[in-house]
Structure formats: structure tokens, C-alpha cells
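Chemist: My questions all concern the structure below.
The values are calculated or read from the model by the stated rules, or taken from the named source; none is laboratory data. Not measured: the values here are computed from a predicted model. All Cβ positions, even for glycine, are placed from backbone atoms using ideal geometry, and neighbour counts span all protein chains on display. These area figures cover heavy atoms from the full protein model, side chains too; ligands, DNA and RNA do not enter into them. Shrake-Rupley method; radii C 1.70, N 1.55, O 1.52, S 1.80 Å.
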Amino acid sequence: MPPGPDGGDPTDRTQVRRGRRRGDADEAAADAESFAGWLPEERADAAARPAGRASVTGTAKAEVRRIVPPPRGERPEDDSDHEGTRQHDDERQRNYPKRSHDDAERAPGATARSGRASVPGIATARVPAGESRPVEPDDTMDIARADADPRHGGDPVDSTAPVSPGAVVGTAVVADGFRGTNRALTQLAWLGSALLTAVITIFRVDRPGLWADELATWGMTTVSAHELWPLLRSTDMVNGAYYLLMWGWTHLLGSSDLALRLPSVIAMTVSAALVAALGSRFGGPRGGLLAGLLFAVVPSVSRYAQEARVYALVVLFAALSTLLLARALDRPRFTRFLPYVLVVALLGALNPISMLLLLAHGVLVLAQHRRAFGGWFAAAIVGALPAVAVLVLSAGQRHQISWIPQSRLTDLAALPYNLFGATAIGGALLVLAALSVSYRHPALVYSAWALLPAATLFTVGHFTALWQPRYVLFTVPAWVLLAAGTLDRIPLVRGLLVVAAVGLVSLPAQITLRGEAGHDQDTHKLANIIANNEQPGDGIVYGTDDPGGGWVGRDTVAHYLSPGSRPKDLMVTQPQRTHGKVLAIECKDAAKCLPDTVNRVWVVRLGSVSDPLRNLGGNKEEALRTAFQTSKTWHPAGLTLALLTRKPS
């Protein structure tokens, strides 16, 4: 072998370098042992560990994973001493302090300490939540915690405790278990909200009597299948999809008040879960929980959950379509928009006015995925086609809403009561919602959902008869989500206390809604008065010119009284809902239809009237005044009932 530049043997130089490395290693080990002597016994083992080891400790039991760093020895310069270097590195590694067995023994009982962080889950080997796996000797990674160092204001803690597994990327700890925890909290949010809503809305659901619109629903379910379409062609085509749904429902489960209102209860219960899911998606599980619980205690939610009309279903499909759209925008493609198109189509078929929600959906698309706007617009057009068809078919039935007055600015003062069921609750929710109105996502989406449909309908209602607050009931979830966004800024316990306070304040309204006159017309009481005072041979006459529904009197008696206890309908010549006509056809000459054998006549009127015979309709008033006199009058809520007796001859 030739001599080196300094005249020495290369083999000698290699041996010198080896000796220097061994000396450095021995010196480092001696320094570590010396430093360990200054520490408590439980930390001495940590100090003797080579540099480059650190720890993050957690609370996951027995979930530890050790990643042993490779030896840091220099690469041999030639093949001749490769074996010697590897043997030396193996010897150094054997001299490292062993902790895994001790850690495994105390890991099951380990508890969380102050200043510790837990990382539940490791990217390379996920472990289901709640399951533990055996601790392997080489199954721990230790990462330094600067915030637990006294120099950083933290308490001096043991940096060598076993850790919960996690994947370390640069300086960040990636916690795969967070996703599972987040999913569990989200499920708790929507499940708790749905259960609370179900309990509240089902309570005394059948106690209030059916009012005019609910009786219209019941009446449509009593006709035969071949009579349903002619009726819809003449009136109420806009609610045709709902009537068809209820026709099938009642033929399966009956037509009691409970059976008629049960679909609305189910719809509002699912709506609460969807509100919680939306809040969790955009604001986290805590925001979702607050939104779902707040939605459950709003009085108008109970009001329309206990009503046999379409509004609860509209709220359901409005919330569902919004959630489906948000999910479709995660990975926009044709197939992911199909569920959204289907739900929008159902929403439009049930209530064409609810298509105003698409304005808010457009804002959601622009805020979340602007490039998908074209695809969403095409999906929205297809989904809106059933609503267009309903509007075309019902174009000749505008007389049905002729009773609605044009909107005025003064109507906005009653909006908190009409939209939320109680003025105080509505005012509080509007204030909380106003604090969250923002141009930032997701508050921008909620704001558009809450404001755009109502503002558009109110503006159009100023020029035509269209504005009714219950027509925009599907905006209530948006107002609740905005209010929950404000509550989410404070600690969770305080937010829950606010929700509880809203529930307490809403108790008077909730109690009123569940009274016999909770739906403004005490049809139960009217039917009970007739049933308790009816005598064989009694007749009955209905006011057909009363505003609010000429079908209400006959439907009330037909629904609540059995055929054997009903007074005879003296004026009818063609029953209601036959031959394509909703209202009954009566005698043109009332005097000829009043048999001399009838000595007592019941009169049913809508509204509270002082004179039950005034403006009764047709020539009935004159015929009855001639032969009868008013014996007694009752005024159930929203109705008038009178008993007439024949005058002495």
C-alpha cells in the first residue's frame, strides 16, 4: 500500500479515526451519566438517552409505538472496516437504555398529566376507537414538548412517558383519531337534536282540533282515487303532491288526528337532525349541537310539526337539499349531483314557492366551489321542472289566494311571531342571528338562505297576493344556524344555558299550541257541544259565505261525529268533493228544504259572530228567521255555534 501524503500508513489513519469515534462516544456516555446523577430517579433514565429523542405523552392506554432511530455512525470509507463499524454500532445500540418493557407495564394505568398532549391514532396502523392493542417492545416514539418546559411557562413534566401513537410530519403531530372523535360528536349532535324534537313535537299532538287547512287535507284523503284528480284540476293543485302523499298514508294508517299529523312530526324530527348535521359540517360538532337543540325548542317548529299540512316536509327537503349540495361540491361530478336534483324536484313539487331557496344555493356554490357553478345551475334547472309544471297546472286557480292582502312594511313587525311562534323568542333569535350575518363562509350561506327567499317573496307580495310568513318557514333552519353561530363563540356550557333559557321562555307558547284551540279553531269543542246536546230529528245548516273556508263546518261534523250522532244536513243537494267540486251544492229555495217536522236546527259559522243568522249565505237567513228563533249560542275559538228552535205557531 503506498504511503499517504504525510508519509503515514493509511491503515494507521483509519485506526486513529476509529479511536477518536470511540472516545467521543465514551465521553458522551460519561457526560450523560454525570448529568443523570443530578436528576430524580424517574428522570435519570431519560437523561441517559441519546440526543434526538423526545416525547409527547397522551392518555390512550397501552397504545404506544417505538420508532428506534438508526445508528448515527459514519459510513466506512472502505469495505475493509465495514464489518467492524457495524459491530461497533450494534454495541452502541445495545448500550442504549431500554424502556419499552417498563412502559408497557405501566401504560395501562397511565393517566393524563398537565401539560401533556394526546395524539390518538397513527397513520401507518389505525386502531379503532375504544380498542387497545398489545404493546410491543419497540413501539414508542418520543417527541419533545417545549411548552412543558419550565423555561416556556409550563410545569416541569416527565418528557419520557409513553405516548399515544401518532404520525409525525415535520414538527406537526397528525392525529388520525380526531376524525373519528369528530364523527362521534357529530352523530351525538344530530341524534340528540332529533330525539329532543321528537319528544317535544309528539307531546299532545292530537289535542288541538283540526283547523280549516287541516280539514282540507283530511277531506282530500276521503275521496276515491278516481275523484282526486278532478278535484285537483278545479282547486288546490299547488298542494296536489302533498294530498297524494297523504291519501296513500291515511289508507295505510287511518285518518285520525294523530295519523294525519304524524308525517309532519317525523319531518320536523329529521329536519332537526339535518340542522345539526349542517351546523357540524360548517361549524363543528359544538355548533351543530347548539343549532339542533335550538331548532327543537322554537315554538313554530312544534306548531307546524303538529299540523297536517305541507310545511314541515318543505323544511325537511330544504335542509336536506342544502346538505346534499354541500357534499356534492366536495367532489363535483354528475353522479354526486343526482341526489340533490331528486330532492330539489320533490321540494318544488310539494311547494313551488320553496324554489326561492335556489337563490341561497347559488351563493353556496359561489362561496364553496365557484368552478362548479355551471354544473349546479344545470342541476337546479332540472330539479325545478316539477315546480314549473305545478305552477302551469294551477295557473287558473289564483282565486284561492285572493284573500291574501298585499304585503306592507308594517307586516314586518309581526314577522318574529309569525315565523317563530312567539314574539320574544323570534326577537331573540333575530338578534343572535344578526350578530352572525357576514360575508364569510358559512355565515354568508346561512344569511342568503334566511334573507333572500323572504325578501324576494315580500317584495313580490307587494304587487300581488302572495306574502304569508308561513310560506317561508323553510328559512327557520337558517336563522337558527346563524343564532347558533353566535352561541358557538362562547363556552359550550353557556351556550347550552342560553338554549335552555330559550326553551323556558317558549313554554307559554308551547302550552298554548297544545291547547284545544291551539290551531285557532276549536273544532273539537264545537263537535263535543253538538254531540252532548243533539236530539233525534235535529237538523243543521252551515254558513257557506264565511271567509276562510266554506268546507270547515261540514268537515268538522263529518270528521269528529259518527254518522249516527250527526244532525241531518238540511240544505245539501250534492255532497262536498264530488263531481270535481270541493264545496257542497245546496238548495236554491231554503224554505222548501226546511221540513215542518224539524223543530231544532244547529247553525255553524266561521269566526266569532254576534248574530249567527246574518250573512248566512243564499236565502237561508230569511227562511230561518221566519220559522226559527235563536235559543242558545256558543263561541268556540274561531267558530260560532247556535241552536235554533221553531217559533210557536
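Chemist: Taking Rh as the Kirkwood radius, which is the inverse of the mean 1/r over Cα pairs, what is the Rg/Rh value for the stretch 482-600?
Modeler: 1.28
Chemist: Which peptide among 578-591, 479-492, 630-643 comes first, and what is the full order, when sorted by highest mean count of other Cβ atoms within 10 Å?
Modeler: Ranking the peptides 578-591, 479-492, 630-643 by packing returns 479-492, 630-643, 578-591.
Chemist: Taking 8 Å as the Cα distance limit and 6 or more residues as the minimum spacing, I'd like the relative contact order of the stretch 337-480 as a percentage.
Modeler: Relative CO of the stretch 337-480 lands at 31 percent.
Chemist: I've got another one for you. Under the classification rounded if a/c is under 1.5, otherwise prolate if a/b is larger than b/c and oblate if not, where does the stretch 429-544 fall, given a ≥ b ≥ c as square roots of the Cα gyration tensor eigenvalues?
Modeler: oblate
Chemist: While we're looking at this one, here's another question. For a quick check of understanding: with a 1.4 angstrom probe and all protein chains in place, what accessible area in square angstrom does ILE202 have, to the nearest ten?
Modeler: Result for ILE202: roughly 70 Å² accessible.
Chemist: Only Lys, Arg, Asp and Glu count, each charged at its Cβ (+1, +1, -1, -1), so figure out the dipole size of the stretch 463-587 about its Cα centre, rounded to 20 debye.
Modeler: Computed charge dipole of the stretch 463-587: roughly 480 debye.
Chemist: Under 5 Å between amide H atoms, partner at least 5 residues away or on a different chain: which partners does LEU644 have, H built in plane at 1.01 Å?
Modeler: VAL601, TRP602, VAL603, SER631
Chemist: Determine, from the Cβ-Cβ distance of THR626 and GLU516 and an R0 of 30 Å, the FRET efficiency 1/(1 + (r/R0)^6), rounded to the nearest 0.05.
Modeler: Working from the Cβ atoms, E equals 0.25.
Chemist: Considering only protein heavy atoms and a probe of 1.4 Å, how much of the accessible area of the stretch 467-538 is carbon and sulfur, as a whole percent?
Modeler: Carbon with sulfur: 61 percent of the solvent-accessible area.
Chemist: Evaluate the relative contact order of the stretch 379-463 (contact order divided by residue number), counting alpha-carbon pairs under 8 angstrom at least 6 apart; express in whole percent.
Modeler: 26 percent.
Chemist: Return, ordered by residue number, the residues of the stretch 609-634 whose backbone nitrogen is under 11 Å from a label point located 7 Å along Cα→Cβ of THR645.
Modeler: 629-632
Chemist: From Cα pairs below 8 angstrom and at least 6 apart in sequence, can you work out the relative contact order of the stretch 225-352, rounded to a whole percent?
Modeler: Contact order relative to length: 28 percent.
Chemist: Per-residue HN-Hα couplings for the stretch 448-462, Karplus 6.51 cos²θ - 1.76 cosθ + 1.60 at θ = phi - 60°, whole Hz, x for Gly and Pro?
Modeler: So the Karplus estimates, Gly and Pro as x, are 5, 5, 6, 9, 4, x, 5, 5, 5, 5, 5, 5, 5, x, 6 Hz.
Chemist: Let me ask another. Sorted by packing (mean other beta-carbon atoms within 10 Å per residue), highest first, where do 352-364, 271-283 land?
Modeler: 271-283, 352-364
Chemist: Given a Förster distance of 45 Å, report the FRET efficiency between HIS251 and SER610 from their Cβ-Cβ distance, rounded to the nearest 0.05.
Modeler: Efficiency computed from Cβ-Cβ geometry: 0.60.
Chemist: In addition: Each residue of the stretch 559-566 in turn: what ³J(HN,Hα) in whole Hz from Karplus with 6.51, -1.76, 1.60 and θ = phi - 60°, glycine and Pro shown as x?
Modeler: Each residue's phi maps through the Karplus curve to give 7, 9, 10, 5, x, x, 10, 8 Hz.
Chemist: Can you grab the distance from the C-alpha centre of the stretch 290-304 to the C-alpha centre of the stretch 576-649, Å, no decimals?
Modeler: 42
Chemist: Let me ask another. Points 7 angstrom from Cα along the Cβ direction at ARG470 and ARG183: gap in nanometres?
Modeler: 4.1
Chemist: Full-extension gain between LEU561 and ALA395, please, as 0.36 nm times their residue separation minus the C-alpha to C-alpha distance.
Modeler: Here the answer is 56.1 nm.
Chemist: Next question. Could you tell me which residue out of VAL541, SER649, LEU613 lies farthest along the dipole of the stretch 521-649 toward its positive end? Charges go on the beta carbon: Lys and Arg +1, Asp and Glu -1, centred on the Cα centre.
Modeler: SER649
Chemist: Take GLU227 and THR578, extend 7 Å from each Cα along the Cα→Cβ direction, and tell me the distance between the two endpoints in nm.
Modeler: Once both label points are built, they end up 0.7 nm from each other.
Chemist: Let me ask another. Please list, ordered by chain and number, the residues whose modelled amide H lies under 5 Å from the amide H of ILE585; skip anything fewer than 5 residues away on the same chain.
Modeler: So ILE585 has HN proximity to THR573, GLN574.
Chemist: If packing is taken as the mean number of other Cβ atoms within 10 Å per residue, what is the order of 392-400, 525-533, highest first?
Modeler: Answer by packing, highest mean first, reads 525-533, 392-400.
Chemist: Related question: If Lys and Arg each add +1 and Asp and Glu each add -1, what is the summed charge of the other residues whose beta carbon sits under 12 Å from the beta carbon of LEU641?
Modeler: Surrounding charge for LEU641 is +1.
Chemist: HN-Hα J couplings of the stretch 328-338 from phi, Karplus 6.51/-1.76/1.60, θ = phi - 60°, integer Hz, Gly and Pro as x?
Modeler: Rounded to whole hertz, the list is 5, 6, 4, 9, x, 7, 4, 5, 6, 8, 4.
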